[in-house]
């Protein structure tokens, strides 16, 4: 089988080894970002199907769109962590790793001895990162959490949708938020270990990650006495800010952020300078209070011209605007092509698919954009690398060490895998 994917020389995290017992979105998103920067990410999966995100759909040449997005540049090893042999291999991996990431079900990490406290005793220089639903302590520590449940618990769903109906956000926003914070937390812990010699455990919950993103509506509600209303494509606290339908049937979004822009909109787009000082609309708060009247004026004006003409005029007077793209139009966006953001990544079976570069550009650094691994693709290579006899392996892990009488031949904790 293929060996591990070598990170390109000079990537910031080259030489860092991450072991991850991960599934779904949050943890794989965190570790993929580490892999993008050159870390060696060893993904531990169950032999009987692996990460269940592999089976969310089959739209990308038979592979899951979620899995392809989240798992490039990783190595997959299959281990049965309920067996003594599987746990033994994991211990050997952790002895050589710098970071351990897990998003196991509530209580599972502690039962396996993979909680931060237990790991600190066995591997004092290992940085553990736990991603949970509601935290590893507190009254909800034992509850399962999925993305939409957390959207509901944080109140996000109550803000999203039309006035008539609430709606979920169309991407896994709680998972993504938790993955981003886990990634930044691990980077901070690596920096702290390197500069101060201190090892800090990292913990992130989906609930608290999304709670941070709810900061503005939380303040608005706590100090204003009522929460921002659901407003569809309108902005709950700024007006005019929303979509209007042009004569050709296409929706155009426009946004006015300050009094200068409001004056320009009235004078040059609406051709009604008197609206600038109209008592209903003269202030931001007034425009929000009289949103219905203002929207009617704007809707009539936008409907009188094709969308291209509307956006051209708004551009000319410095008013932010955009067409309401669908996903297909996003894929063809001129910013992505003009800035050369697409790369080719191979998936199991050998097909190549387009993938976006990571959003953070580091001068002089080309991110790793390695293949998406097949289930267990790197098991044989990794187990042989650890000193196990490849001829005596089964799906649950090795049956013996190649030289069990000399266990200290294994590299010491913190030594990178070759």
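The values are calculated or read from the model by the stated rules, or taken from the named source; none is laboratory data. Everything numeric here is computed off the predicted structure, so don't read it as measured data. Cβ atoms come from the backbone with ideal geometry, glycine included; neighbour counts cover every protein chain shown.
General observations
- Subset of segment 270-294 [under 39 Å from the mean Cα position of the chain (by Cα), under 24 Å from residue 250 (Cβ atoms) and in contact (Cβ under 8 Å) with a residue 24 or more places away in the chain]: 291, 294
- Within segment 51-67, being within 26 Å of residue 383 (Cβ to Cβ) and out of contact with any helix residue (DSSP H, G or I) (no Cβ under 9 Å at 6 or more places or on another chain) holds for one residue alone: 52.
- Scan segment 122-144 for residues that are in a loop (DSSP other than H, G, I, E, B) and under 29 Å from residue 191 (Cβ atoms) and the total you get is 11.
Residue-by-condition table, conditions (1) without any contact (Cβ under 8 Å) to a residue 24 or more places away in the chain; (2) part of a strand (DSSP E or B):
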site: 318; (1), (2): no, no
site: 321; (1), (2): no, yes
site: 345; (1), (2): no, yes
site: 354; (1), (2): yes, yes
site: 359; (1), (2): yes, no
site: 362; (1), (2): no, no
site: 373; (1), (2): no, no
site: 383; (1), (2): no, no
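- Taken together, the residues in segment 295-307 that are within 37 Å of the chain's Cα centre (by Cα) and without any contact (Cβ under 8 Å) to a residue 60 or more places away in the chain amount to 3.
- Considering 48, 36, the condition of being buried (at least 22 other Cβ atoms within 10 Å of the Cβ) and either farther than 11 Å from residue 67 by Cα or touching a residue at least 40 places away in the same chain (Cβ under 8 Å) (or both) is satisfied by 36 alone.
- Scanning segment 200-224 for residues that are surrounded by fewer than 17 Cβ atoms within 10 Å (Cβ to Cβ) and touching a strand residue (DSSP E or B) at 6+ places or on another chain (Cβ under 6 Å) returns no hits.
- Wholly within segment 158-252, helices (runs of 4 or more DSSP H) carrying at least 3 residues that are touching a helix residue (DSSP H, G or I) at 6+ places or on another chain (Cβ under 8 Å) and within 20 Å of residue 132 (Cα to Cα): 173-196, 206-213
- The set of residues in segment 253-268 being surrounded by 14 or more Cβ atoms within 10 Å (Cβ to Cβ) and in a loop (DSSP other than H, G, I, E, B) consists of 256 alone.
- Some residue of segment 347-370 being surrounded by 12 or more Cβ atoms within 10 Å (Cβ to Cβ), in the same structural domain as residue 66 (by TED's automatic domain parsing) and closer than 24 Å to residue 95 by Cβ: no
- Test for residue 149: is it in the same structural domain as residue 188 (by TED's automatic domain parsing) and surrounded by fewer than 21 Cβ atoms within 10 Å (Cβ to Cβ): yes
- Selection within segment 318-340 - surrounded by 13 or more Cβ atoms within 10 Å (Cβ to Cβ) and touching a helix residue (DSSP H, G or I) at 6+ places or on another chain (Cβ under 7 Å): 319, 321, 323
- Residue in segment 43-52 that is more than 23 Å from residue 362 (Cβ to Cβ), assigned to a helix (DSSP H, G or I) and either outside the structural domain of residue 358 (by TED's automatic domain parsing) or modelled with pLDDT under 95 (or both) present: yes
- Residue in segment 81-100 that is within 16 Å of the chain's Cα centre (by Cα), surrounded by 19 or more Cβ atoms within 10 Å (Cβ to Cβ) and touching a residue at least 24 places away in the same chain (Cβ under 8 Å) present: no
- Pick from segment 225-265, criterion at pLDDT below 90 and in contact with a strand residue (DSSP E or B) (Cβ under 9 Å, 6 or more places away or on another chain), ranking: farthest from residue 298 (Cα to Cα): 230
- Output for segment 295-311, where each listed residue is loosely packed, with under 13 Cβ neighbours inside 10 Å and over 14 Å from residue 251 (Cα atoms): 296
- Residue 155 being outside the structural domain of residue 292 (by TED's automatic domain parsing), closer than 17 Å to residue 25 by Cβ and surrounded by fewer than 18 Cβ atoms within 10 Å (Cβ to Cβ): no
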